[in-house]
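What follows is a set of notes on a single structure, which appears directly below.
The values are calculated or read from the model by the stated rules, or taken from the named source; none is laboratory data. All values derive from a computational prediction rather than experimental measurement. Please note: Cβ atoms are built from the backbone with ideal geometry, for glycine as well, and neighbour counts cover all protein chains shown. Heavy atoms of the whole protein, side chains included, go into the accessibility calculation; ligands, DNA and RNA do not. Shrake-Rupley method; radii C 1.70, N 1.55, O 1.52, S 1.80 Å.
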Amino acid sequence: MGASPRLGDLLIDQGFITHDQLDFSLREQNATGERMGECLMRLGLITDSDLALVLAKQGNIPFIDLRNFLPDPKLLALVPGKVAAHYQFLVIEKRENQLHIAIADPFSKLAEEQAYRITGLIVHVHVAGANQLQRMIERFYYLIEHPIEDEIKSITNKLRINPNLDVDVQKLVDNLIGSAISYRVTDIHITPSDISSRVMYRVDGVLKPIYVFPVSLHSRLTTNIKVNSGMDIAEQRKPQDGRMSFDFFGDTFDIRVSSVRTNFGENLVLRLLPSRGSSTFNLHELGFGEAKQQVLRKTFQLPHGMVLITGPTGSGKTTTLYAALREQDAIGKNILTVEDPIEYELLMIRQTQVNARAGYTFASAIRTFLRQDPDVMLIGEIRDEETAMLAVRAALTGHLVLSTLHSNSAIAALARLKDLGISPYLMSTSLKGIMAQRLIRRLCTFCKEPTTILPEAAQEFGLDPAGQYYKAGRCSHCQDTGYLGRDAISEVIPVTDQLMRLIAKDASLDVIEDACRQEGFTDLRTSGINKVRNGITSIEELIRVIG
């Protein structure tokens, strides 16, 4: 039997890295003594999931992405936490006499043997990212051993009897944030009412009420969070913004805090931002179809021009921008970013952050970048005329400019640029691609149920009434929501020669859209309908997102 292929060669064969990137990583490895996989992930050349996917293919074992997975506490209880941590495996599903577990090392049988010895069930293994797996084992076994729900119920009951009871507010805040991180929450809302204080989590874009406290606790919660985030606790009339960091089992989270005064008191919103590059995604992980991936890759690899990603707040624009950066040759190109804030650290890229007090804005950053010998510039957002004009000029002088813009559709971005003072001629010569996107929730694969759709809905969305469709169910994996994770629905417009001529002539948006459709353009609605056809989401979710 021949020797197993080296990891670097496997990653090259699967298209995750290039020979130049491997050579660069070997130099780094010689200096640091790291394992090759660790070195590649630290440099941001691959993700934890990329490495696991390659190992899964090598071992001919199914792959599972734990970033969009929530374990069932009842299933975790089948295996002691110390055993799961020692042998690095996680129970993910149980079907009759069969047990499915996630492991990181597909070439070791120790985890499989231990799972069988403890449960007596037939064991099937799935490969997961090593870092993802370790974090999930630590977090969820901690939650089993320290049930936050019970602690909060106890506090609530005591406060109901004695509203002035001394409570360890710092511990309560830590528990709320730790619980939110474990359950993939992006935002925590702490909202006062007349007699209560409500805590709501935003998961997969939807707010969900989680805890309700007596109103006597609200001011103590807000004061603690404001102190930790550097806000003025004496100022309750004016809106404030603050920032704090939170360490949770080896991960550091940047938490942006916003306060606003309501008629019942201060309302706080905490945005949770992981600060590790391994949390970024590749294009193939974001839910784009193969055809759109090819168009996007070709566009993102152009030597110059401007590529815009549009959509409302929370539509995944920044995530797609980071995926675009992962398509770049970070070794052979000088890549510079200006962000507000830096959401993920990528060590091979020169990242900077907006600082309004110091006069460092998106516009001033572009001027600075032009003196830094750039190849690629990522501008976090085009918000004003000055930034728009400087971005266009950078695109026209031999640089690739990636940025975001607020508009309802890809074609509407042309009108938005016009509003920002960009002439049709400059648009036609600088723009190379426009993309619009939204995020749509994926049905939970553990509990989704077959369903039929009404004839009226089938007609409205162009669906076959006799087709196979699915609706949301309820289970512990998705916390009874029926959905787990999100996919992007998108529309992509590569600026072809025909479109350049139409834009330069200041043609109407209707004329430009007709030309795009003749070249195969599909809109957000059609993208979402395809997700319904493929059983990825439900018709109800499609209606919620696009109407």
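General remarks:
- Meets criteria (out of contact with any Ser or Thr (no Cβ under 7 Å at 6 or more places or on another chain) and within 23 Å of Glu285 (Cβ to Cβ)) for Ala102: yes
Table: residues versus (1) more than 24 Å from Tyr183 (Cβ to Cβ); (2) part of a loop (DSSP other than H, G, I, E, B); (3) of a type in the set (A, V, I, L, M); (4) at pLDDT below 95.
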| position | (1), (2), (3), (4) |
| --- | --- |
| Ile453 | yes, yes, yes, yes |
| Glu456 | yes, no, no, yes |
| Asp464 | yes, yes, no, yes |
| Val492 | yes, no, yes, no |
| Asp510 | yes, no, no, no |
| Asp514 | yes, no, no, no |
| Thr537 | no, yes, no, no |
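- Single unsatisfied condition, Asp510 versus (1) open to solvent by 40 Å² or more (accessible area, probe 1.4 Å); (2) touching a helix residue (DSSP H, G or I) at 6+ places or on another chain (Cβ under 9 Å); (3) not β-branched (Val, Ile, Thr): (2)
- Number of positions in segment 41-58 that are within 25 Å of Gly485 (Cβ to Cβ) and open to solvent by less than 30 Å² (accessible area, probe 1.4 Å): 11
- Per this entry, Val269 is counted among residues that are touching a His at 6+ places or on another chain (Cβ under 7 Å), surrounded by 15 or more Cβ atoms within 10 Å (Cβ to Cβ) and of a type in the set (A, V, I, L, M, F, W, C).
- Pair list, Cβ < 8 Å and 6+ apart or interchain, from segment 25-42 residues that are free of Cβ contacts under 8 Å to residues at least 12 places away in the same chain and within 16 Å of Met348 (Cα to Cα) to residues that are outside any helix (DSSP H, G or I) and open to solvent by 60 Å² or more (accessible area, probe 1.4 Å): Gln29/Arg35
- The number of residues in segment 59-81 that are closer than 14 Å to Phe140 by Cβ, open to solvent by 60 Å² or more (accessible area, probe 1.4 Å) and not in a loop (DSSP other than H, G, I, E, B) comes to 2.
- In segment 291-305 there is at least one residue that is closer than 15 Å to Met435 by Cα, surrounded by fewer than 22 Cβ atoms within 10 Å (Cβ to Cβ), in contact (Cβ under 8 Å) with a residue 24 or more places away in the chain and under 21 Å from the mean Cα position of the chain (by Cα).
- Residue list for segment 175-207, filter: out of contact with any helix residue (DSSP H, G or I) (no Cβ under 9 Å at 6 or more places or on another chain) and loosely packed, with under 15 Cβ neighbours inside 10 Å: Leu207
Conditions tested, residue by residue: (1) open to solvent by 20 Å² or more (accessible area, probe 1.4 Å); (2) more than 30 Å from Met200 (Cβ to Cβ); (3) among the polar types (S, T, N, Q); (4) part of a helix (DSSP H, G or I).
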site: Pro106; (1), (2), (3), (4): no, yes, no, no
site: Ile152; (1), (2), (3), (4): no, no, no, yes
site: Arg160; (1), (2), (3), (4): yes, no, no, yes
site: Asp166; (1), (2), (3), (4): yes, no, no, no
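- Note on segment 382-403: residues that are farther than 17 Å from Arg350 by Cα, touching a residue at least 24 places away in the same chain (Cβ under 8 Å) and either in a loop (DSSP other than H, G, I, E, B) or in contact with a Ser or Thr (Cβ under 7 Å, 6 or more places away or on another chain) (or both) total 8.
- Selection within segment 231-261 - touching a residue at least 60 places away in the same chain (Cβ under 8 Å) and loosely packed, with under 13 Cβ neighbours inside 10 Å: Gly250
- Close Cβ contacts (under 6 Å, 6 or more residues apart or on different chains) running from residues in segment 358-374 that are modelled with pLDDT of 95 or more to residues that are open to solvent by 50 Å² or more (accessible area, probe 1.4 Å) comprise Ala363/Glu386.
- Boolean, Arg486 is among the basic types (Lys, Arg), open to solvent by 60 Å² or more (accessible area, probe 1.4 Å) and part of a strand (DSSP E or B): yes
- Residue in segment 326-337 that is crowded, with 20+ Cβ neighbours inside 10 Å and closer than 26 Å to Glu519 by Cα present: no
- Test: residue in segment 491-498 that is surrounded by 17 or more Cβ atoms within 10 Å (Cβ to Cβ) and farther than 21 Å from Leu286 by Cα: yes
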